[in-house]
Amino acid sequence: MKVIVGLGNPGFQYEKTRHNVGFMVLDELSKRLGIPVKKKKFNAVFGMGTLQGEKIVLVKPLTYMNASGEAVRPLLDYYNAAADDLVVVYDDLDLPAGKIRLRQKGGTGGHNGMKSIVAHLGTKEFKRIRIGIGRPESPGIGVIDYVLKPFSKKEKPAVSESIDRAAESCEKWLNTPFLEVMNEYNV
């Protein structure tokens, strides 16, 4: 089983914001795999499919970012999936817009959604794909305001490419060891 979670905030007002780039990757992956993400359970919207005999679950928590673990943990428990079966896709201020970085495990980097997942799972031993959103360029713009704003026109092409690359890396992980996927996509 493979569980891919994209982090974001539910609601139309957050749809195109930097903080929702994880949802954007999941939407792209849903299209590519033909797995609709429409079922609601455990404070999440999700979809299930099978690829080459492997069950795949695509998940978008509906708990708002800071409580993402409240949706991820019950889904993993329900499907009897291990943390090793999990990839979490989320935004990262410390990477420039358009850059992606894959890791087999690690810390939270101060990301509240990741803090929640680590707290609820009791481990940092799960895969992650970080999507760069950059830091505010203008002084006086706080991080919260920045992550809840849409990407600029200048950023959109790079971000669109990073969404495609992240979705592609998730697809590749479905039948390739994650370390090999990391080596290919961490350029």
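Backbone amide hydrogens, once placed in the peptide plane, bring Val45 within less than 5 Å of Lys60, Leu62, excluding anything fewer than 5 places away on its chain.
Labels on offer are (i) 10, 41, 38, 10, 1, 0; (ii) 8, 32, 33, 20, 6, 1; (iii) 10, 35, 30, 16, 8, 1, 0, and the one holding P(r) over Cα pairs in 10 Å bins from 0, in percent computed from this structure is (i). Were the residues from Glu161 through Lys39 laid out at 0.36 nm apart, the gain over their Cα-Cα distance would be 41.1 nm. Computed extension gain for Gln52 through Glu125, at 0.36 nm per residue and net of the alpha carbon distance, reaches 23.7 nm. Sparse packing (at most 14 other Cβ atoms within 10 Å of the Cβ) combined with a DSSP loop state is found for the following trypsin sites (Lys or Arg not before Pro) in the stretch 20-54: Lys38.
How large is the helix-only mean residue ellipticity at 222 nm for the chain, computed as the sum of -39500 (n - 2.57) over DSSP H runs with n ≥ 4, divided by its residue count, in deg cm²/dmol to the nearest 500? Rounded to the nearest 500, it is -10500 deg cm²/dmol. Spatial offset of the stretch 144-171 relative to the stretch 2-45 amounts to 14 Å, using the alpha carbon center of each. Normalised per residue, the accessible area of the chain is 48 Å², obtained with a 1.4 Å probe and no contribution from ligands, DNA or RNA.
The solvent-accessible area of Glu28, taken with every protein chain present and a 1.4 Å probe, is close to 40 Å². Listed by chain and number, the lysines whose alpha-carbon sits under 18 Å from that of Lys115, ignoring those within fewer than 8 places in the same chain, are Lys60, Lys105, Lys124, Lys127. By accessible area, using a 1.4 Å probe on protein heavy atoms only, the chain has 50% of its surface on carbon and sulfur. Considering only beta bridges that DSSP places wholly inside the chain, some 55 percent are antiparallel. Each label point was placed 7 Å from the Cα along the Cα-to-Cβ direction; for Tyr78 and Glu180 their separation is 3.2 nm. Simple spin-label estimate for Ser152 and Asn112 gives 2.5 nm between the two label positions (7 Å along the Cα-to-Cβ direction from each Cα).
Take Lys105 and Lys31, extend 7 Å from each Cα along the Cα→Cβ direction, and tell me the distance between the two endpoints in nm. So the two model labels end up 3.6 nm from each other.
Summing +1 for each Lys or Arg and -1 for each Asp or Glu among the other residues whose beta-carbon sits under 10 angstrom from that of Lys105 gives +2.
The values are calculated or read from the model by the stated rules, or taken from the named source; none is laboratory data. Computed from a predicted model, the values in this text were never measured in an experiment. Neighbour counts are summed over all protein chains in view; Cβ atoms, including those assigned to glycine, are modelled from backbone coordinates with ideal geometry. Surface accessibility is based on the protein's heavy atoms, side chains included, excluding ligands, DNA and RNA. Shrake-Rupley method; radii C 1.70, N 1.55, O 1.52, S 1.80 Å.
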